[in-house]
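Data first, discussion second: the structure below is written as structure tokens.
What follows draws every value from the coordinates through simple rules; no lab data is involved. All values derive from a computational prediction rather than experimental measurement. No Cβ is skipped: glycine too gets one built from the backbone with ideal geometry, and neighbour counts run over all protein chains shown.
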Amino acid sequence: MFSIALHGGAGVIEPNMLTPEKETAYKNALNEALQIGKSILANGGDSLEAVTKTVMSLEDCPLFNAGKGAVFNSLGKHEMDASLMRGDNLEAGAVGAIKGVKNPILLCKNILEQSEHVYLSGSGALEFAKQVNAELKEDDYFFDQFRYDQFLQAQKAGTVQMDHAKNPLNEKKFGTVGAVALDAYGNLAAATSTGGMTNKKYGRVGDTPIIGSGTYANNNTCAISATGHGEYFIRAVVAHDISCLMEYKGLSLKEACDEVVKNKLVKLEGEGGVIAIDAQGNIELCFNSSGMYRASANSAGVELVAIYS
Ligand code: ASP
């Protein structure tokens, strides 16, 4: 038995914001990533490998705000955050404010497997990336005219902007990416990767690399990957909170996700959502915004690719 779910960001995503061609492009990219993860799981691969490869596929796609499609910070540069966690032994790897690394999620796997630390940031993380021969890219690899225009507009307005805020420029591209999976051995894993928020202060780190906020996995409960306005997700400790509601209060996956995303976060005015899988393979795709790029599949043959609520 296996289950997998992924997201490409949540936010103000409405049918009138995407042309049919763009909608198809997003759905194809989501489906391509889903099939990568699904085939790993169907062939007996483990959940850590499945979520890593799924997220790498989304990082390599310029449609999403992670890896190649990462947004610009206040200096017109790209600083990325990512994290990865396994549910069997609670090992985790995370990276914050990393520059020039093609696949931050793969670097998280290196940190998880080869470093004595959980979380590396900035220049130290880059040095570690070089030691493990992570693939590096020059600035122009991450350059995208649409994202640059988005950045100039945010700078002019003096705002820090979610990649999927309501904004005429945002009709084209949205979203942080993530994946969660349960493998045939009963192990859960979660992965999340992002460029953060447009025009964010350099050095700003969001919820994505913070274990317990943007990412969490525990075989006793669930695997979670979040997307949304990071400052609120940090303060609400979203991913771990969902796990705790299950572990300590006996809530189901759906009840726990609804409580945190549709009640606690809404009260804080924190927009976004989560993808979640529990130890029985149940899948929840839960968000308080108008849409979330998402997809899921399981060994029973259920498959979904969706955008709007
Ligand atoms: N959570 C991310 C951050 O605040 C943004 C996103 O999900 O799009 O950095």
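Taking GluC sites (Glu not before Pro) across the range 221-309, the ones in a DSSP loop with at most 16 further Cβ atoms lying within 10 angstrom of their Cβ are E269.
Using Cβ counts within 10 Å as a stand-in for footprinting exposure, how do Y232, Y308 rank, fewest first?
Going from least to most buried by this count: Y308, Y232.
The phi torsions of the range 150-158, fed into the Karplus equation with coefficients 6.51, -1.76 and 1.60 and a -60° offset, translate into couplings of 4, 5, 4, 5, 5, 5, 4, 7, x Hz, rounded to whole numbers, with Gly and Pro shown as x.
Give me V101, V12 sorted ascending by neighbouring Cβ count inside 10 Å, so fewest comes first.
Ascending Cβ contact count within 10 Å gives the list V12, V101.
Could you calculate the FRET efficiency of D139 with Y202 from 1/(1 + (r/R0)^6), where r is the beta carbon distance between them and R0 is 22 Å, rounded to 0.05? Can you show the working numbers first?
On the way: r = 14 Å, r/R0 = 0.63.
The formula returns an efficiency of 0.95 here.
Residues whose amide H lies under 5 Å from that of A189, counting only those 5 or more places away or on a different chain, are G87, A181; hydrogens are built 1.01 Å from N in the peptide plane.
Amide H contacts of G272 (H built 1.01 Å from N, in plane; Pro and chain starts excluded): N288, S289 sit under 5 Å, all sequence-distant by 5 or more or on other chains. Taking trypsin sites (Lys or Arg not before Pro) across the range 1-86, the ones in a DSSP loop with at most 15 further Cβ atoms lying within 10 angstrom of their Cβ are K77. Our coupling estimate for the range 240-251, obtained by passing each phi through the Karplus curve with A = 6.51, B = -1.76, C = 1.60 and θ = phi - 60°, is 5, 4, 4, 4, 5, 4, 6, 6, 9, 10, x, 5 Hz, Gly and Pro reported as x.
Based on the alpha-carbon gyration tensor of the range 2-105 and its eigenvalue square roots a ≥ b ≥ c, which shape applies: rounded if a/c is under 1.5, prolate if not and a/b is larger than b/c, or oblate? Let's see the in-between values first.
Details: a/c = 2.18, a/b = 1.14, b/c = 1.91.
Taking the square roots of the gyration eigenvalues as a ≥ b ≥ c, the range 2-105 is oblate.
The relative contact order of the range 86-167 comes to 28 percent, based on Cα pairs under 8 Å that sit 6 or more residues apart. For the chain, the square roots of the Cα gyration tensor eigenvalues, ordered a ≥ b ≥ c, give a/c below 1.5, which places it in the rounded category.
Using R₀ = 45 Å, calculate the FRET efficiency as 1/(1 + (r/R₀)^6) where r is the Cβ-Cβ separation of Y308 and Q131; round to 0.05.
Numbers: r = 44 Å, r/R0 = 0.97.
The pair Y308/Q131 has a calculated efficiency of 0.55.
Rounded to the nearest 20, the size of the Cβ-charge dipole of the chain about its Cα centre is 600 debye, with Lys and Arg at +1 and Asp and Glu at -1.
Do the alpha carbons of any pairs in K27/K53; K38/K102; K38/K201; K77/K102 sit beyond 25 Å of each other, and which pairs? It would help to have the intermediate numbers written out before the result.
Values: K27/K53 18 Å; K38/K102 23 Å; K38/K201 37 Å; K77/K102 14 Å.
Exceeds cut-off: K38/K201.
Taking R0 as 30 Å, what's the FRET efficiency between E247 and V12 from their Cβ-Cβ distance, rounded to 0.05? Each step should come with its number before you reach the end.
Details: r = 33 Å, r/R0 = 1.10.
That pair, E247 with V12, gives E of 0.35.
Across the range 194-200, computed HN-Hα scalar couplings (Karplus, 6.51 cos²θ - 1.76 cosθ + 1.60, θ = phi - 60°) run 7, x, x, 10, 4, 6, 4 Hz from first to last residue, x flagging Gly and Pro.
Using just its DSSP H runs of length 4 or more, each adding -39500 (n - 2.57), the chain gives a mean residue ellipticity at 222 nm of -9500 deg cm²/dmol after division by all residues. Contact order for the range 151-309, expressed relative to its length and based on alpha carbon pairs under 8 Å spaced 6+ residues apart, stands at 18 percent. Among the cysteines of the chain, those whose beta-carbon sits 4.7 Å or more from every other cysteine beta-carbon are C61, C108, C222, C244. In this structure, the amide hydrogen of L251, modeled 1.01 Å from its nitrogen in the peptide plane, lies closer than 5 angstrom to those of M246, counting only residues at least 5 positions away or on a different chain.
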